[in-house]
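Chemist: I have a structure I would like to understand better, so I am pasting it below and will then ask my questions one at a time.
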Amino acid sequence: MTDLVLSELTDDGILVLTLNAPARHNPISDPPMLDAVVAAVEQADAGLAARVIVLTGAGKSFSSGGNVEEMKPGGSLNPGSPAMTRRGYKKGIQRLPLLFEALEVPVIAAVNGAAIGAGCDLACMCDVRIASERAVFAESFVKLGLVPGDGGAWLLPRVVGFAKASEMALTGERLDARAALACGLVSRVVPAERLMDEALSVASMIAANPPHAVRMTKRLLREAWRASLPATLEMSAGFQSACHATRDHEEAVNAFLEKREPRFRGE
């Protein structure tokens, strides 16, 4: 990966991706940063080496979202023509929610600081969110006279519920880490110095499980968001039949019966 996204794969299959533009608070709307994130995630999803992703930010921020400088007339986010602006969003920042929705590798957001605007939405694209006590969140588009252009209107209500999402989006006000925990935006809040240890601990618990079953579980959860119960049960039966056919399932059963630790190989 480029130096805009630092990538480190641990021996147990945890891929740590770090947004690395700390001087600019890790804006994800800039094309080079966006391309780097997309490339890193697509590469992780292409094989089985990465069993879980931990996404975090360098410096004091998780991500400031859009680059406000590029919102000026003539900038990359506001080229002047409404048709070109629409195209810019579709070929730019909107690639991220579609990518994360299709991604089968679980993603943990380790929110180390400010997650603002599209940065808040990026955290919502992840499957699990763990926050440092220093983290702050804001669905702040309205403060700039904008709407959530990156899928936040779809993502945020599914994470915190419609009423809280409406409050966040219509006021644009910030939530501290404890308020984020109270509304379900994050599942854990830890001291700043323990954030990565906590995220890696959760990642290790995920990575210890059979990778095919983990990926299919994530896919099933994602699809069940918008499916009926009968459709979800049908998908569950299909995925379950695939899991039953894996060697890792056989190994899990044998290890349980033999009272030993299983050895999963992604087979």
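The values are calculated or read from the model by the stated rules, or taken from the named source; none is laboratory data. Model, not experiment: these values are computed from the prediction. All Cβ positions, even for glycine, are placed from backbone atoms using ideal geometry, and neighbour counts span all protein chains on display. All accessible areas refer to the heavy atoms of the entire protein, side chains included, with ligands and DNA or RNA removed. Shrake-Rupley method; radii C 1.70, N 1.55, O 1.52, S 1.80 Å.
Chemist: Can you give me the distance in nm between label points at ALA208 and ALA46, each placed 7 Å from the Cα along the Cα-to-Cβ direction?
Modeler: Once both label points are built, they end up 3.1 nm from each other.
Chemist: So how much slack lies between VAL147 and SER187, counting 0.36 nm per residue of separation and subtracting their Cα-Cα distance, in nm?
Modeler: Values: separation 40, 0.36 × 40 = 14.40 nm, distance 2.62 nm.
Additional length available on full extension: 11.8 nm.
Chemist: Which of (1) 19.2, 67; (2) 20.4, 60; (3) 18.7, 61 is the computed Rg and Dmax of the Cα atoms in Å for the structure on display?
Modeler: (1)
Chemist: Express the relative contact order of the chain as a whole percentage, based on alpha carbon pairs under 8 Å and six or more residues apart in sequence. List each step's numbers first, then the result.
Modeler: Details: 478 pairs, mean separation 42.7, N = 267.
With pairs under 8 Å counted, the relative contact order is 16 percent.
Chemist: Per 0.36 nm of contour for each residue apart, how much would the distance between ALA83 and LEU98 grow if the chain were fully extended, relative to their Cα-Cα spacing? Numbers along the way, then the final one.
Modeler: Values: separation 15, 0.36 × 15 = 5.40 nm, distance 2.08 nm.
Working it through step by step, the gained length comes to 3.3 nm.
Chemist: Same structure again: Using only the Cα atoms of the range 1-129, what semi-axes does the equivalent ellipsoid have when each is the square root of 5 times a gyration tensor eigenvalue? Give whole Å, largest first.
Modeler: Numbers: eigenvalues 129, 50, 29 Å².
So the equivalent ellipsoid measures 25, 16, 12 Å along its semi-axes.
Chemist: Once fully extended, how much extra length lies between LEU220 and SER241, figured as 0.36 nm per residue of separation less the alpha-carbon to alpha-carbon distance? Mind dumping the intermediate values first?
Modeler: Numbers: separation 21, 0.36 × 21 = 7.56 nm, distance 1.33 nm.
So the chain would gain 6.2 nm between LEU220 and SER241.
Chemist: Moving on to the next point. Quick one: which residues, 5 or more positions from VAL189 or on another chain, have an amide H under 5 Å from its amide H? H modelled 1.01 Å from N in the peptide plane, none for Pro or chain starts.
Modeler: ALA131
Chemist: Something else about it: What percentage of the solvent-accessible surface of the range 66-158, computed with a 1.4 Å probe over protein heavy atoms, is contributed by carbon and sulfur atoms?
Modeler: Whole-percent figure for carbon plus sulfur exposure: 58.
Chemist: While we're on this one: On a 0 to 90 degree scale, rounded to 10, what angle separates helix 82-91 from the longest Cα axis of the chain?
Modeler: For helix 82-91, the angle is close to 20 degrees.
Chemist: Okay, moving on. May I have the extent of the alpha carbons of the range 148-261 along their three principal axes, as whole Å values ordered from largest to smallest?
Modeler: 55, 41, 21 Å, listed from the longest principal axis down.
Chemist: Taking the Cβ-Cβ separation of LYS60 and ARG194 as r and a Förster radius of 22 Å, what is the calculated FRET efficiency to the nearest 0.05? Mind dumping the intermediate values first?
Modeler: On the way: r = 17 Å, r/R0 = 0.76.
It comes out at approximately 0.85.
Chemist: Please state the relative contact order of the range 110-267 as a whole percent: Cα pairs under 8 Å, 6+ residues apart?
Modeler: It rounds to 20 percent for the range 110-267.
Chemist: Now, a different point. At ALA163 and ARG265, where each label point lies 7 Å from the Cα along Cα→Cβ, what is the point-to-point distance in nanometres?
Modeler: That separation, rounded to one decimal, is 5.3 nm.
Chemist: Rounded to two decimals, what is the ratio between the C-alpha radius of gyration of the range 181-221 and 2.2 N^0.38 Å?
Modeler: Numbers: Rg = 12.9 Å, N = 41, 2.2 N^0.38 = 9.0 Å.
Working it through for the range 181-221, the quotient is 1.43.
Chemist: Another question, then. Hey, can you rank 22-35, 159-172 by average C-beta count inside 10 Å, highest first? Display every interim value, and only then the final one.
Modeler: Numbers: 22-35: 18.6, 159-172: 16.6.
Peptide ranking by packing, descending: 22-35, 159-172.
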